[in-house]
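Take a look at the structure set out below.
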Amino acid sequence: MNQDIRVRIAPSPTGYVHVGNTYTAYYNYIFSLKNKGRFILRLDDTDIERHVSDAEEVVYKLWHWLGIQWDEGPDIGGPSAKYRQSERLERYKAQAEKLVADNLAYHKEGAIFFKITPGDDVVFQDLIRGEVRFAREHLKDFVIIKSNGYPTYQFGTVVDEIDYNISHVIRGEDHLSNTPVQVLAMQALGGEVPLYAHLPLLRNADHSKLSKRQNHASLSWYKDKGILPEALQNFFGLMGWSHPEQKEVFGMAEFQELFSFDRVKATGPIFDVEKLMWLNGVYIRQLSVAELQGRITGFLQEYQPDVLAQINQSAEYLSRVIAITQERLKSLDEFWSAAHYFYQEPTVKIDQVIEFIKEDRDLASYLSLVFKTVTELENDWSKERLETKLHEVQAAASLKPKQAFMSLRLVLTGELATPPLFDTMEVLGHSVVVARLRKFIELLKS
Ligand code: GLU
């Protein structure tokens, strides 16, 4: 372990986990893994008005879901024992009083202010932006302890960086303008100034910031949708950072191996949810059927237990359904809409079927030919046989393939888009196919 590299993420537990903050946490995690450093989770929980119960658990649960792990934190403890700002109020006060005693801060109106003294530019090193310089005359005295005794964000952060020996502050560029006063306060306390890396903020396609008002700014949205954590990890790797070979699909291990801040661009990356969906499809297709089955049942257990109860009858049947549906899935939450007809009788609209056959064709006679043919295939049920035989029926009925097979697909599944028809029929099985055909033919007659 490299004792010198210590990074941190300091979320404010509000019950809401922003995807941008998660991206920042992920880069911290990767950086610490790469350098065999330590990654510390600290809670900026001094905003008492925004306190929500469970908020901490929401952070742990969602970040664990994504595969982010920390070495120290309020949930797992660590050498510092305390990882919540609310538990360290005395410490912040003591540090502020020390500054007052040194004439670097003063009491006013019940609060304590940090004094900005005239002097040179404030300079710090940013691993993405290089040397950053701020003229001191633009900085104003600022509150470090509020009249209610709580530290401000600016001061709590400074005391924390020192106390937890943080070597690298990796955070969003929205904090860039906070850095000069933090550096001054850190120096006033005799602390060592860390290196900084201000990550570009994620943006929408129109370059606006991802705002809390948008569903997709919330991390839970991705979990609820059935995005695979490894797809989101990969997607974060594409945000700002670029692969040396311009690869788009790479896993966490590869990202960790190749990561460096030199390859992070300072301009705001576009968080394109469509692209993430595409990537998620890539990761879904990379899974073995057994793995995907595990992911799907886990997802259904959490989000659609009633569906799970319906499909749990046979694991073997489920694996055959998944094997032919896998290709089409972009997210786990699509499973049921893509596969319901393997479990439930479809609702078939007669008019819609007729539309494919065209009025001048005799749908009933075509379907009775299909019925006769599939009935005879009872002991010879395979997609290859179905394909050969049903092509013969299609030709005999003088139908175009689209007319014959789209109408049959609708009759058997109620859907216009399914896995290949003969694969679907093979999985549905002889008796279900015969029953659905029979029922539809009856319906046509009535
Ligand atoms: N609680 C702050 C935030 O989530 C921490 C910022 C920082 O990393 O300094 O924005």
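The values are calculated or read from the model by the stated rules, or taken from the named source; none is laboratory data. Everything quoted here is computed from the prediction, not taken from an experiment. Counting neighbours? That spans all protein chains shown, and the Cβs are built from the backbone with ideal geometry, glycine included.
Within the range 107-162, which residues are in contact with a helix residue (DSSP H, G or I) (Cβ under 9 Å, 6 or more places away or on another chain), more than 23 Å from residue 173 (Cβ to Cβ) and of a type in the set (S, T, N, Q)?
Passing the criteria: 117, 148.
Within the range 4-24, track down each residue that is assigned to a loop (DSSP other than H, G, I, E, B) and aliphatic (A, V, I, L, M).
Listed by number, the residues that qualify are 5, 10, 17.
From 116, 112, grab the single residue that is crowded, with 21+ Cβ neighbours inside 10 Å, away from the ligand (no atom under 16 Å from the Cβ) and either over 27 Å from residue 262 (Cα atoms) or at pLDDT below 95 (or both).
After ruling out the rest, the residue left standing is 112.
Can you report the number of residues in the range 279-306 which are exposed (fewer than 14 other Cβ atoms within 10 Å of the Cβ) and within 17 Å of the chain's Cα centre (by Cα)?
Qualifying residue count for the region: 2.
Going by the structure shown, is residue 54 crowded, with 18+ Cβ neighbours inside 10 Å, in contact (Cβ under 8 Å) with a residue 12 or more places away in the chain and over 27 Å from residue 251 (Cα atoms)? Write out each step before concluding.
Numbers: crowded, with 18+ Cβ neighbours inside 10 Å: no; in contact (Cβ under 8 Å) with a residue 12 or more places away in the chain: yes; over 27 Å from residue 251 (Cα atoms): yes.
Here the answer is no, as residue 54 does not meet what is asked.
Please go through the range 427-443 and pick out each residue that is outside any loop (DSSP other than H, G, I, E, B) and loosely packed, with under 15 Cβ neighbours inside 10 Å.
431, 435, 438, 439, 442, 443
Which condition from (1) over 25 Å from residue 215 (Cβ atoms); (2) more than 14 Å from the ligand (Cβ to nearest atom) is the one that residue 42 breaks?
Among (1) over 25 Å from residue 215 (Cβ atoms); (2) more than 14 Å from the ligand (Cβ to nearest atom), the lone unmet condition for residue 42 is (2).
Within the range 23-32, does at least one residue satisfy the condition of being surrounded by fewer than 20 Cβ atoms within 10 Å (Cβ to Cβ) and free of Cβ contacts under 8 Å to residues at least 60 places away in the same chain?
No, because not a single residue in the range 23-32 is surrounded by fewer than 20 Cβ atoms within 10 Å (Cβ to Cβ) and free of Cβ contacts under 8 Å to residues at least 60 places away in the same chain.
From the list 28, 103, 21, pick out the single residue that is out of contact with any helix residue (DSSP H, G or I) (no Cβ under 6 Å at 6 or more places or on another chain) and away from the ligand (no atom under 16 Å from the Cβ).
Selected residue: 103, the only one of 28, 103, 21 that is out of contact with any helix residue (DSSP H, G or I) (no Cβ under 6 Å at 6 or more places or on another chain) and away from the ligand (no atom under 16 Å from the Cβ).
Could you grab me the full set of residues in the range 25-55 that are of a type outside the set (Ser, Thr, Tyr), in a helix (DSSP H, G or I) and at pLDDT 95 or above?
Of all residues in the range 25-55, those of a type outside the set (Ser, Thr, Tyr) come to 25, 28, 30-31, 33-45, 47-52, 54-55.
Next, only the ones that are in a helix (DSSP H, G or I) stay: 25, 28, 30-31, 33-34, 48-50, 55.
Matches in the range 25-55: 25, 28, 30, 31, 33, 34.
Picking from 130, 190, which residue would you name as being more than 16 Å from the ligand (Cβ to nearest atom), at pLDDT 95 or above, surrounded by fewer than 17 Cβ atoms within 10 Å (Cβ to Cβ) and closer than 24 Å to residue 236 by Cα?
130
Spot the failing condition for residue 250; the list is (1) among the aromatic types (Phe, Trp, Tyr); (2) in a helix (DSSP H, G or I); (3) free of Cβ contacts under 8 Å to residues at least 40 places away in the same chain, and only one is missed.
(2)
Which residue out of 424, 418 is crowded, with 20+ Cβ neighbours inside 10 Å and not in a helix (DSSP H, G or I)? Step through it out loud before you land on a result.
Details: 424 fails: not in a helix (DSSP H, G or I).
Residue meeting the stated conditions: 418.
Could you go through the range 226-240 and let me know if any residue there is surrounded by fewer than 20 Cβ atoms within 10 Å (Cβ to Cβ) and of a type in the set (A, V, I, L, M, F, W, C). Reasoning before the result, please.
Within the range 226-240, the first condition is being surrounded by fewer than 20 Cβ atoms within 10 Å (Cβ to Cβ), and the residues that meet it are 229-230.
Subsequent filtering for residues that are of a type in the set (A, V, I, L, M, F, W, C) retains none.
No, the conditions are met nowhere in the range 226-240.
Checking residue 188 against (1) touching a Leu at 6+ places or on another chain (Cβ under 8 Å); (2) farther than 30 Å from residue 138 by Cα; (3) of a type outside the set (Lys, Arg); (4) in contact (Cβ under 8 Å) with a residue 24 or more places away in the chain: exactly one of these is not met. Which one?
(2)
Take the residues in the range 212-242 that are among the hydroxyl-bearing types (Ser, Thr, Tyr) and not in a helix (DSSP H, G or I); name whichever of them is nearest to the chain's Cα centre (by Cα).
Keep residues of the range 212-242 that are among the hydroxyl-bearing types (Ser, Thr, Tyr), which gives 218, 220, 222, 242.
If we keep only those that are not in a helix (DSSP H, G or I) too, we end up with 218, 242.
Values: 218: 9, 242: 19 Å.
So the residue we want is 218.
Please count how many residues of the range 193-204 are surrounded by 21 or more Cβ atoms within 10 Å (Cβ to Cβ) and of a type outside the set (A, V, I, L, M, F, W, C).
3
Counting only residues that are under 20 Å from residue 114 (Cα atoms) and of a type in the set (Val, Ile, Thr), which one in the range 159-199 is nearest to the chain's Cα centre (by Cα)?
For the range 159-199, the residue satisfying everything is 179.
Can you tell me which residue among 72, 56, 97, 87 is within 15 Å of the ligand (Cβ to nearest atom) and among the acidic types (Asp, Glu)?
Exactly one residue qualifies, and that residue is 56.
Restricting to the range 63-98, name every residue that is assigned to a helix (DSSP H, G or I), more than 19 Å from residue 182 (Cβ to Cβ) and touching an Asp or Glu at 6+ places or on another chain (Cβ under 6 Å).
Matches in the range 63-98: 86 only.
Report whether or not residue 9 is under 20 Å from residue 162 (Cα atoms) and either within 14 Å of the ligand (Cβ to nearest atom) or in contact with a Lys or Arg (Cβ under 7 Å, 6 or more places away or on another chain) (or both).
yes
What residue, among those in the range 160-187 that are among the charged types (D, E, K, R) and within 12 Å of the ligand (Cβ to nearest atom), is surrounded by the fewest Cβ atoms within 10 Å (Cβ to Cβ)?
Filtering the range 160-187 for residues that are among the charged types (D, E, K, R) and within 12 Å of the ligand (Cβ to nearest atom), the one surrounded by the fewest Cβ atoms within 10 Å (Cβ to Cβ) comes out as 174.
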